[in-house]
Amino acid sequence: MNLKLRVWRQTGPSDKGRMVTYDVTDISPDASFLEMLDVLNERLILAGEEPIAFDHDCREGICGMCGMMINGVAHGPARATTTCQLHMRHFQDGETIDVEPWRAAAFPVVKDLVVDRGAFDRIIQGGGYISAPTGAAPDAHATPVPKADADAAFEAATCIGCGACVAACPNGSAMLFTAAKVGHLGLLPQGQPERDTRVVGMLEAHDEAGFGGCTNTGECTTVCPKGIPLTLIGRLNADYRKAVTKR
Ligand code: SF4
Ligand code: FES
């Protein structure tokens, strides 16, 4: 495949940034999007130019490091797919593809396609610790968990913290991410002792980080590579109301 790439280049946080056009040739349709960027970067390095900075780690859809706006869509055109798992066969030969970093006030651009997602860490920290004892693994039957709760908690726990939900949201809200994190512990017996302090702490950290509020637009769940459902935001709101009423 031969492609024209228009890539956001920004040397650092204080640089204004701009789109730069590159021709990329002889790309296998079976290459991943990141492998296509690797090929481009090798050519840039051989030509003595600065390679494009982008985040990645596992390249198998589980770490949440990769992520970029591809033709204006977080993680690109394939549903429930991270950028590292997106393959070039989803594009047309000769296509022009725009590649930009996540755009959100709480995710400042570090360089090129790399953004600082430290605000997600602060939301996690805002939730504090759980008091479930550590040590030897308890008997699997010691704490019965209803199947429906176990499944819902597992679904929430599949959030990989990629940030696509924030980038897609017109309000720059991280409510889907926060709802997933609140939900995966709040649905289990082990998460009950700190359930109230956790939801309040996480939402305070969410707002302090500069994320916007949720207006139920639903863009977040549409681009989420793990299919985290909007219903978890409803659950988060209910949990929050209960926690502040008790307080
Ligand atoms: S909720 Fe989905 S889109 Fe948002 S951080 Fe988690 S996995 Fe990524
Ligand atoms: S590099 Fe780990 S999810 Fe894409």
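When the solvent-accessible area of the chain is split by element, carbon and sulfur atoms take up 53 percent of it, the probe being 1.4 Å. Taking label points 7 Å from Cα along the Cα-to-Cβ direction, ASP116 and ALA47 give a separation of 3.1 nm. Shape analysis of the stretch 1-156 based on the Cα gyration tensor places the equivalent ellipsoid semi-axes at 38, 20, 14 Å, largest first. How large is the helix-only mean residue ellipticity at 222 nm for the chain, computed as the sum of -39500 (n - 2.57) over DSSP H runs with n ≥ 4, divided by its residue count, in deg cm²/dmol to the nearest 500? Calculated at 222 nm, the ellipticity per residue is -10500 deg cm²/dmol.
Taking 0.36 nm per residue of separation and subtracting the Cα-Cα distance, full extension of the segment from ALA136 to ARG241 would add 34.2 nm. Once the 1.4 Å probe is applied to the protein heavy atoms, the chain comes out at 50 Å² accessible per residue. What you get for the stretch 8-148, charging only the Cβ of Lys and Arg (+1) and of Asp and Glu (-1), is a dipole of about 660 debye around the Cα centre. Per residue, the convex hull spanned by the Cα atoms of the stretch 90-247 amounts to 155 cubic angstrom. Dipole magnitude for the chain: about 920 debye, using +1 per Lys or Arg Cβ and -1 per Asp or Glu Cβ, origin at the Cα centre. Over all projection directions, the Cα-based convex hull of the stretch 157-247 averages an area of 5.5 nm². What residue among GLY227, ASN237, ASN2 has its Cα farthest toward the positive end of the dipole of the chain, where the charges are +1 on Lys, Arg and -1 on Asp, Glu, each on the Cβ? Looking along the dipole axis, the top candidate is ASN237. When the chain is treated as a Gaussian network with alpha carbon springs shorter than 10 Å, the biggest mean-square fluctuation among GLY17, GLY135, GLY186 belongs to GLY135. Here the alpha carbons of the stretch 1-50 define both size measures, Rg and Dmax, at 12.0, 37 Å. Check cross-link reach from LYS16 to the lysines: straight Cα distance under 20 Å, and skip same-chain residues fewer than eight apart. Within the straight-line limit of under 20 Å, LYS16 reaches these lysines: LYS111. Between helix 175-186 and the chain there is an angle of about 40 degrees, using the helix long axis and the longest principal axis of the Cα atoms.
Pairs on different chains or at least eight residues apart, Cα atoms closer than 22 Å: how many lysine pairs in the stretch 130-247 fit? Summing the qualifying lysine pairs gives 5. Largest mean-square fluctuation among GLU155, GLU219, GLU50, in a Gaussian network model of the chain whose springs join Cα atoms under 10 Å apart, belongs to GLU50. Against the main long axis of the alpha-carbon atoms of the chain, helix 195-208 sits at an angle near 40°.
The values are calculated or read from the model by the stated rules, or taken from the named source; none is laboratory data. Just so it is clear, the structure is predicted and the values come from calculations on it, not from any experiment. FYI the Cβ positions are ideal-geometry reconstructions off the backbone, even for glycines, and counts take in every protein chain you see. The area values use the complete protein model at the heavy-atom level, side chains included, leaving out ligands, DNA and RNA. Shrake-Rupley method; radii C 1.70, N 1.55, O 1.52, S 1.80 Å.
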